[in-house]
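Peer 1: Got a structure here, written out as structure tokens. Questions coming.
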Amino acid sequence: MLESYDVVVIGGGPAGMGAAIKAKELGLKVLLLDDNDFLGGILPQCIHPGFGLHYFKEELTGPEFAYRLINKLDGVEVKTSARVIEIQNYSDLEKFVTYVSPEGVKKVATKTIIYAAGARERHAFEIGIVGDRVAGIYTAGEAQALMDLYGILPGRDIVIVGSGDVGLIMARRFALEGCNVKAVIELMPYPGGLARNLMILKDFNIPLYLSHKVVEVRGRKRVEKVKVVKVDENLREIPGSEFWIEADTLIISAGLIPNVKLLQEIGVRIDPATGGPVVNDRLETSVPGIFVAGNSLLINDLVDYVVEQGETAAEGAKEFIENGGIKSTRWIKLVKGENVRLVAPHYLSGERDVWIYARVQRPIEDVTLEFPEIGKKLRLPVVKPSEMLRIKLRGEEIRKAKEKITMQVVKNE
Amino acid sequence: MIKVAIIGAGITGASIARVLSRYENLEVHLIDKNPDVGWGVSKANTALIHGGYDDDPDKYPMRAKLCVRGNRLWHRWVKELEIPHIWNGALVVALEEEDFDELEKLLERGIRNGVPEMRIVDREELFHLEPGLNPEAKGALWIPTVGQIGPIPAVIAIVENAVANGVKIHLNTKVKGIKVQNGEVKGVETNNGFIEADVIINAAGLYADEISRMVGLDYFTIHPRKGEYWIFDDTVPGPRRVLFPTPTPISKGIVVTTEISGHLMIGPNAQDLPPEEKENLATTREGLEEVWEGAKKLWPNLPPRSKVIRTFAGLRPEPTGGDFIIKAEEEVFGFINVAGIRSPGLTSAPAIAYEVAEIIQRDLGIKLIEKEKWNPYRKDITRFSMLSPEEANRLIRENPAYGKIVCRCNLVTEGEILEAIERMKFIGVKIPSIDSIKFRTKATSGTCQGSFCRVRIIQLLSKAYNVPPWEITLKGEGSEIGIGDVKALLRGENSA
């Protein structure tokens, strides 16, 4: 006999823990699996503050935030060093999860799955950097793990690709350790990080090159120099604009990609814009009973939203088990309109209030966020691709639409 | 006891060492300047076991002869040594009607070289063999004996077997000179002292011309010919067969293939470099573009570029004259050149090794006496991802480290990493590197390119070799992963 659960949560980061805690509170039998030796996902290596303002109403570091969540897990069966290698969707109400751990290869049965396996970082090859394949090239998260989990300083003269939050936080981290952060190189004409993190560049006097890219690395055994080139408004390289920066370390912070391989193997539909699954307002994927939360759903910038998604998924699992599925008489499609790059969830029932997560394509000041079909409008001073929009649509608002609701961001006249 | 020193622990040197390890009157030393085996030319290539139809026996008799023989020997060696491989056959594709003339030539040449089972297939059969091909393709030459192996795993397997049969390995050992007395070799001067030798075999790859010059033989030079490659994520579908374009007089062309780990791979182009650029392994925009354009002709559905997980470059050692130089040099008794082993060197390596054994007997007059007991077998490292759940459970019960996944993309366990470390120690790898682990286990070579598991491998290496984690290298000395602990700079230390 296989052990069986109401919910198997895959991933012990903030989304997975948030889901497991909520599912337990809702009275479900929960198994939480994580492939690391410890819970928390990426949080334990994020030793900077800025976590938890929404969820815990105070500012915490990553390890503190993780610790608080871990303390709320009582009553949840937890396995660490447990890597899920297969998900089987036997029927809508019966699924199997196979995982490997030092206890062996084990298969468990479950009614629902909440998939919260996070994301991975884009690496140097994916962004087209050529040249020598030498030591001293790390993704930002990897460098963070090296420094803040294992106490290893990767190098002294640092160039960072990408001005997103992770890149900026690593710029500060290196500066605080006495490294010389020579430049942050950003492909887009605007910075990628939250305003509060952009202050880091001023604080530590770190040059930011907008509309630039790193194209080549040279070195014999280790990075010795990197080639930077300016790009035009269409991101095309401008001939003759190349210059070299001497550095022993290149940090790639070029964005995250949801980890969805296991879901793809069972045919879960993926949204090319988010990189995560297409979901309804319970964060249920196209395979009934499989829910997704956190950076596997879409790349978030605040951990609080990630936990919130975990909780939404847990509520979905509860409803799914009680009603034998997530029922809706009709699904209303949420459609991307002008200047909206991505949005989730993709389908709304109108039976409940829903948090909508979205990102714009380009930064604009003084705009109106509109949902024309339901006549909802929100005026915003500024929107930026780096800052996720989070808007609540109420059930009764959603019900006003017939088939679809468009979300668009329009510059105010 | 006759002492034999082989310079170069690549696929050629290693194969020679294995074949010579069979003889009880030989004491075989395998020497390499790198910290691990297979890190020169063998490291980066198309990983093909060629059929042997494209080497013109009139122009390149050695290549023509040894490629076909090598292909046959590999069929045995991959089994004896448990080398990861696949025999999936190759198609030389005709995109134009005129290409059939060239295919006929290749077929004829293949028959002359002794390649079995080749034939020209029509459109219908072609798309049966390879449905994803450019729909414009008209037909192809079908060579079923072509296969693929992991080139460094092959070198590692061969060396492990050679060491088990008594071969002595000298890594991190750079040859500085060769001692010759009265026209006979006496030994090899290295940074690690003098190694006596009655026979010296020069299998130094790109540096074979420099080694040869050490004994005064400068009739050939080696220049590097660079080839660049793209490798894509294993979720991208690739071809079932090895796909070649119809060749031109200078090149076999850009290959499209699914390499043995299941990744679509395209390459190489061919760019000749001056002899002094033997370390130039940099990828280039131009080279990679050339490969992309070339591959597109055979495989129009190339994935988006964001699906690339790695690009790399390799160097073929191109000799003066173009043919392999394999001979006992008359001017210096005991010195055997095995130089210019360019493509199809990987395929030919086992045959080259038997050729060298023959040269030792025939030209040096050394009678080789077979050992009563010689072990032809070597077991591959455990590959967790290939085990059934029952086998996996049995292994994990014995050793829970096999239940701990380190590399998520390729499902490599801690047990395999520890096993790789033991195997490195067995053949004498002294400087623990992440690449050494990668080549044995595939850890760090998947979709995320090690951004999750490299840190954990560092911990395991640091513990096993008892060195601080920042001193672990990516690929040998000078490629340390860090400069010290996190406070090193603030303390004003100038480590590194």
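Peer 1: Work out from phi, with θ = phi - 60° and the Karplus expression 6.51 cos²θ - 1.76 cosθ + 1.60, the ³J(HN,Hα) of each residue of the stretch A:372-386, listed in order in whole Hz, and give x for Gly and Pro.
Peer 2: For the stretch A:372-386, the Karplus curve yields x, 4, 10, x, 9, 9, 9, 8, 10, x, 7, 10, 9, x, 6 Hz.
Peer 1: Then there is this: Ignoring any ligand, DNA or RNA, what whole percent of the accessible area of the stretch A:122-250 comes from carbon and sulfur when the probe is 1.4 angstrom? Mind showing how you got there, number by number?
Peer 2: Details: 2500 of 4890 Å².
Of the solvent-accessible surface of the stretch A:122-250, carbon and sulfur hold 51 percent.
Peer 1: Please name which of B:447, B:458, B:484 has its Cα lying farthest along the dipole of the stretch B:384-495 towards the positive end, using unit charges on Cβ (Lys, Arg +1; Asp, Glu -1) and the Cα centre as origin.
Peer 2: So the residue we want is B:447.
Peer 1: Please sort by residue number the chymotrypsin sites (Phe, Trp or Tyr not before Pro) in the stretch B:182-222 whose DSSP state is loop and whose Cβ has at most 13 other Cβ atoms within 10 Å.
Peer 2: Values: sites: B:194, B:207, B:219, B:220; in loops: B:219, B:220.
Sites meeting the loop and neighbour criteria: B:219.
Peer 1: With the cut-off at 1.5 for a/c, could you classify the protein assembly as shown from its C-alpha gyration tensor as rounded, prolate or oblate?
Peer 2: On the way: a/c = 1.87, a/b = 1.77, b/c = 1.06.
Because a/c hits 1.5 or more and a/b exceeds b/c, the protein assembly as shown counts as prolate.
Peer 1: Read phi for every residue in the stretch B:307-324 and hand back ³J(HN,Hα) as whole Hz from Karplus 6.51 cos²θ - 1.76 cosθ + 1.60, θ = phi - 60°, with x for Gly and Pro.
Peer 2: So the J values, rounded to whole Hz, are 8, 6, 10, 6, 10, 8, 10, x, 10, 9, x, 8, x, 3, x, x, 9, 4.
Peer 1: Related question: What are the lysines whose alpha-carbon lies under 28 Å from the alpha-carbon of residue A:411, with same-chain residues fewer than 8 places away excluded?
Peer 2: By straight Cα distance, residue A:411 reaches A:333, A:336, A:376, A:377, A:384, A:392, A:400, A:402.
Peer 1: Further question on the same structure: What are the residues whose amide H is under 5 Å from the amide H of residue A:130, where those residues sit 5 or more places off or on another chain and H is modelled from the backbone?
Peer 2: A:216, A:217
Peer 1: Amide H of residue B:187 versus every other amide H placed in the peptide plane: which residues, excluding those fewer than 5 positions away on the same chain, fall under 5 Å?
Peer 2: B:179, B:197
Peer 1: Then there is this: Take the solvent-accessible surface of the protein heavy atoms, probe 1.4 Å, and return the percent of it on the stretch A:254-387 that carbon and sulfur atoms account for. Working shown, then result.
Peer 2: Working: 2420 of 4940 Å².
Of the solvent-accessible surface of the stretch A:254-387, carbon and sulfur hold 49 percent.
Peer 1: Okay, moving on. Using a probe of 1.4 angstrom, how much of the accessible area of the stretch A:1-118 is carbon and sulfur, in percent? Write down the numbers at each step before the final one.
Peer 2: On the way: 2390 of 4710 Å².
The computed percentage sits at 51.
Peer 1: Amide H neighbours of residue B:27 under 5 Å, at least 5 residues apart or on other chains, H built in the peptide plane: list them.
Peer 2: Amide H neighbours of residue B:27, under 5 Å, 5+ apart: B:2, B:3, B:4.
Peer 1: OK, next. Rounded to the nearest whole Å², what accessible area per residue is found for the protein assembly as shown with the 1.4 Å probe?
Peer 2: Numbers: 35390 Å² over 909 residues.
Value returned for the protein assembly as shown: 39 Å² of accessible area per residue.
Peer 1: Let me ask something else about it. List the lysines whose Cα lies under 23 Å from the Cα of residue B:404, skipping any in the same chain that are fewer than 8 positions away.
Peer 2: A:79, A:106, A:107, A:261, B:379, B:425, B:438, B:442, B:463
Peer 1: Can I ask one more? In degrees between 0 and 90, to the nearest 10, how far off the longest principal axis of chain A does helix A:303-323 point, with axes built from Cα atoms?
Peer 2: Taking the Cα atoms of chain A, the angle to A:303-323 is about 20 degrees.
Peer 1: Are there any residues in the stretch B:383-405 with a reduction of at least 40 Å² in accessible surface when going from the isolated chain to the assembly of protein chains? Probe 1.4 Å, please list them by number.
Peer 2: Residues shielded by partner chains are B:393, B:396, B:403, B:404, B:405.
Peer 1: Same structure again: Relative to the first principal axis of the alpha-carbon coordinates of chain A, what is the inclination of helix A:14-25, with its axis defined by its Cα atoms, in degrees from 0 to 90 and to the nearest 10?
Peer 2: Orientation of helix A:14-25: about 20 degrees from the principal axis.
Peer 1: Which of the cysteines found in the protein assembly as shown have nothing to pair with, since no other Cys Cβ lies under 4.7 Å from theirs?
Peer 2: A:46, A:179, B:67, B:409, B:448
Peer 1: Number of Lys-Lys pairs in the stretch A:122-250 under 15 Å by Cα, sequence gap 8 or more or different chains?
Peer 2: On the way: A:182/A:202; A:182/A:213; A:182/A:225; A:182/A:227; A:213/A:225; A:213/A:227; A:213/A:230.
Pairs that pass both the separation and distance tests number 7.
Peer 1: Can you tell me the dipole magnitude for the protein assembly as shown around its Cα centre, using point charges on the Cβ only (Lys, Arg +1; Asp, Glu -1), in Debye to the nearest 20?
Peer 2: Values: 116 positive and 124 negative charges, 279 e Å.
Result for the protein assembly as shown is approximately 1340 debye, rounded to the nearest 20.
Peer 1: Could I ask something else about it? Sort chain A into rounded, prolate or oblate with this rule: let a ≥ b ≥ c be the square roots of the eigenvalues of the Cα gyration tensor; rounded if a/c is under 1.5, and if a/c is not under 1.5, prolate when a/b is larger than b/c, oblate otherwise.
Peer 2: oblate
Peer 1: Hey, another quick one. Can you work out ³J(HN,Hα) from phi for every residue in the stretch A:235-252, in order, using Karplus 6.51 cos²θ - 1.76 cosθ + 1.60 and θ = phi - 60°, giving whole Hz and x for Gly and Pro?
Peer 2: 6, 7, 5, 9, x, x, 8, 5, 8, 9, 10, 7, 7, 9, 9, 10, 10, 9
The values are calculated or read from the model by the stated rules, or taken from the named source; none is laboratory data. In this text, all values refer to a predicted model and were calculated from it rather than measured experimentally. Cβ atoms come from the backbone with ideal geometry, glycine included; neighbour counts cover every protein chain shown. We work out accessible area using only protein heavy atoms, side chains counted, and drop any ligands, DNA or RNA first. Shrake-Rupley method; radii C 1.70, N 1.55, O 1.52, S 1.80 Å.
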